[in-house]
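Here is the structure we will look at, set down as structure tokens.
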Amino acid sequence: RERGQRGPIFTVGFCFGGGHSWRLAASDLDLAGVIGFYGLPRTVRDVLGELSKPMLLLVAGDDAATPIEEANTFADELAAAGADVERYVYDGAPHSFFDASFDEWRDACADAWRRILDFTARHAVTS
């Protein structure tokens with residue numbers, strides 16, 4: 001955004017940063033939403049009841065750091081907490097699949113990018 005202009009702010013993170021981006025959904029910061037790729041659920045579990053901002057979870061289906069079973073359990077926990085969550089699982093994708101140099105995951109990367117643009121467009125309410 002231009003200097004001096006206010007506009008919607010989103011966070012985005014990957015792996016450790018993905019979990020911390022999700023965690024910011026429980027903060028009192030003026031965020032329009034939070035986005036995380038292959039985040040670590042343990043980063044968020046202690047604030048499940050405080051999540052108040054829209055969340056976008058982009059999950060690697062074959063992630064050694066966060067096995068899909070743990071990612072699925074986390075999705076259930078978020079639903080039980082009433083969080084505003086959009087979650088997409090990229091079947092077979094490894095941790096760090098969102099990398100333009102991974103030709104095998106080019107379609108997943110493009111899809112994830114489209115989902116980010118859609119999420120930010122829908123939640124970009126300026127004050």
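No lab work stands behind these numbers, since they all come straight from the coordinates. Predicted model, so just to flag it, every value in this text is computed and none were measured. Cβ placement follows ideal geometry from the backbone for every residue including glycine, while neighbour counts extend to all protein chains displayed.
Derived from the Cα gyration tensor, the three semi-axes of the equivalent ellipsoid of the stretch 10-123 are 22, 16, 11 Å, largest first.
Evaluating 6.51 cos²θ - 1.76 cosθ + 1.60 at θ = phi - 60° for every residue in the stretch 8-22, the Karplus couplings come out as x, 10, 10, 9, 9, x, 10, 6, 3, x, x, x, 6, 4, 4 Hz, glycine and proline recorded as x. When the charge dipole of the chain is built from unit charges on Cβ atoms (+1 for Lys and Arg, -1 for Asp and Glu) and taken about the Cα centre, the candidate among Ala93, Leu56, Ile68 whose Cα reaches farthest toward its positive end is Leu56. Stretched out straight at 0.36 nm per residue, the stretch from Ser27 to Glu50 would grow longer than its current Cα-Cα span by 7.5 nm. For Phe97, nonlocal amide neighbours, meaning residues 5 or more places apart or on other chains whose placed amide H falls under 5 Å from its own, do not occur.
For the stretch 12-127, the dipole from Cβ point charges (+1 on Lys and Arg, -1 on Asp and Glu) about the Cα centre works out to 340 debye, to the nearest 20. Rounded to the nearest whole Hz, the Karplus-based 3J(HN,Hα) values (6.51 cos²θ - 1.76 cosθ + 1.60, θ = phi - 60°) of the stretch 67-81 follow the sequence x, 4, 4, 5, 4, 5, 4, 4, 4, 5, 5, 5, 4, 5, 7, with x at glycine and proline. If R0 is taken as 25 Å, the Cβ-Cβ distance between Thr73 and Val125 corresponds to a FRET efficiency of 0.20. Between the stretch 1-70 and the stretch 93-108, the C-alpha centres lie 20 angstrom from each other. 3J(HN,Hα) along the stretch 94-101, derived from phi through the Karplus expression 6.51 cos²θ - 1.76 cosθ + 1.60 where θ = phi - 60°, amounts to x, 3, 6, 5, 7, 8, 4, 7 Hz, with x in place of Gly and Pro. Net charge near Leu48, counting Lys/Arg +1 and Asp/Glu -1 over other residues with Cβ under 12 Å of its Cβ? Counting the neighbours of Leu48, the net charge comes to -1. Shape class of the stretch 64-127 from the Cα gyration tensor (axes a ≥ b ≥ c, square roots of the eigenvalues): oblate, since a/c reaches 1.5 or more and a/b does not exceed b/c.
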